[in-house]
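The values are calculated or read from the model by the stated rules, or taken from the named source; none is laboratory data. What you see is a predicted model; the values in this text were computed from it and never measured. Virtual Cβ from ideal backbone geometry, glycine too; neighbours counted across all protein chains shown. With ligands, DNA and RNA removed, areas are computed over all heavy atoms of the protein, side chains included. Shrake-Rupley method; radii C 1.70, N 1.55, O 1.52, S 1.80 Å.
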Amino acid sequence: MTGAQKSRPGDLRRQRRHGQHGCWDHLIAAPLWVAYQANLGTLLRTCDAVGACLAVPGTPHYRQALARGDTLPRRSCIHWISSPKDRWLNEERQRGSRIVAVELAEDATRLADLLPARQRTVVLLGHEHNGVPLDVWQLIDEVVEIPMVGQGASLNVAVAGSLVLYRLEGLC
């Protein structure tokens, strides 16, 4: 393809979706223990990009973070959680949702081997330093690990969550 045949960024933007997507109720990112506010804005933008929703506690920490970090022209799909986190996860399982945690674990599925979501799926993201609390591990259906070649043990929670969301949506 020559330079004259390539689409320009402005042309690509005009071809893409102009409005926000509604709640497709298929793929839900749940950063339930995230401490750093900037990570929530990044995850919200990724949710918009892949057609997912964000599920977060309705606490002032999360509301302030998303009010500040939402850089999209229109609000994306957010599910505000009012019940305790473990009860919400249990309710999701009872609804038939598959709970996929992004975490380090011996029996984890490598990101490259993760299959696209074929049912309603909740992507569970833990605290930046402590991960997903042990008391909810019994509610997890699958653990996904992102292989690391360097010295670091894990990626930033927003980056890790974004990679898994793109993979579950079948976009990479």
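Being under 22 Å from Tyr166 (Cα atoms), open to solvent by 80 Å² or more (accessible area, probe 1.4 Å) and in contact with a helix residue (DSSP H, G or I) (Cβ under 8 Å, 6 or more places away or on another chain), is that true of even one residue in segment 53-62?
Within segment 53-62, the first condition is being under 22 Å from Tyr166 (Cα atoms), and the residues that meet it are 53-56.
Keeping just the survivors that are open to solvent by 80 Å² or more (accessible area, probe 1.4 Å) gives none.
Within segment 53-62, none of the residues are under 22 Å from Tyr166 (Cα atoms), open to solvent by 80 Å² or more (accessible area, probe 1.4 Å) and in contact with a helix residue (DSSP H, G or I) (Cβ under 8 Å, 6 or more places away or on another chain).
Residues in segment 91-108 that are open to solvent by 30 Å² or more (accessible area, probe 1.4 Å) and over 21 Å from Asn130 (Cβ atoms): Glu91, Arg93, Gln94, Arg95, Gly96, Arg98. If you go through segment 47-64 and keep only what is out of contact with any Leu (no Cβ under 6 Å at 6 or more places or on another chain) and hydrophobic (A, V, I, L, M, F, W, C), you end up with Ala49, Cys53, Ala55, Val56. Does segment 111-121 contain at least one residue that is touching a residue at least 40 places away in the same chain (Cβ under 8 Å) and among the acidic types (Asp, Glu)? No, segment 111-121 contains no residue that is touching a residue at least 40 places away in the same chain (Cβ under 8 Å) and among the acidic types (Asp, Glu). The listed residues are Leu171, Leu163, Leu139, and the only one of them that is over 18 Å from Trp33 (Cβ atoms) and over 12 Å from the mean Cα position of the chain (by Cα) turns out to be Leu171.
Just checking, does segment 122-133 include any residue being more than 19 Å from Ala52 (Cβ to Cβ), among the acidic types (Asp, Glu) and without any contact (Cβ under 8 Å) to a residue 24 or more places away in the chain? Looking through segment 122-133, none of the residues is more than 19 Å from Ala52 (Cβ to Cβ), among the acidic types (Asp, Glu) and without any contact (Cβ under 8 Å) to a residue 24 or more places away in the chain.
I'm trying to understand the selection: among the residues of segment 117-142, which are of a type in the set (D, E, K, R), open to solvent by less than 50 Å² (accessible area, probe 1.4 Å) and in contact with a strand residue (DSSP E or B) (Cβ under 9 Å, 6 or more places away or on another chain)?
We begin by selecting, within segment 117-142, every residue of a type in the set (D, E, K, R); these are 118, 120, 128, 135, 141-142.
From what is left, the residues that are open to solvent by less than 50 Å² (accessible area, probe 1.4 Å) are 120, 128, 142.
Arg120, Glu142 - these are the residues of segment 117-142 that are of a type in the set (D, E, K, R), open to solvent by less than 50 Å² (accessible area, probe 1.4 Å) and in contact with a strand residue (DSSP E or B) (Cβ under 9 Å, 6 or more places away or on another chain).
Against the conditions (1) surrounded by fewer than 14 Cβ atoms within 10 Å (Cβ to Cβ); (2) at pLDDT 95 or above, Gly22 satisfies every one except (2).
Only residues that are of a type outside the set (Gly, Ala, Ser) and crowded, with 16+ Cβ neighbours inside 10 Å: list them for segment 143-172, please. Outline the logic, then answer.
So the first thing to find is which residues in segment 143-172 are of a type outside the set (Gly, Ala, Ser), and the list is 143-149, 151, 155-157, 159, 163-169, 171-172.
If the condition is that a residue be of a type outside the set (Gly, Ala, Ser) and crowded, with 16+ Cβ neighbours inside 10 Å, then Val143, Val144, Glu145, Ile146, Val157, Leu163, Val164, Leu165, Tyr166, Arg167, Leu168, Glu169 are the ones that fit.
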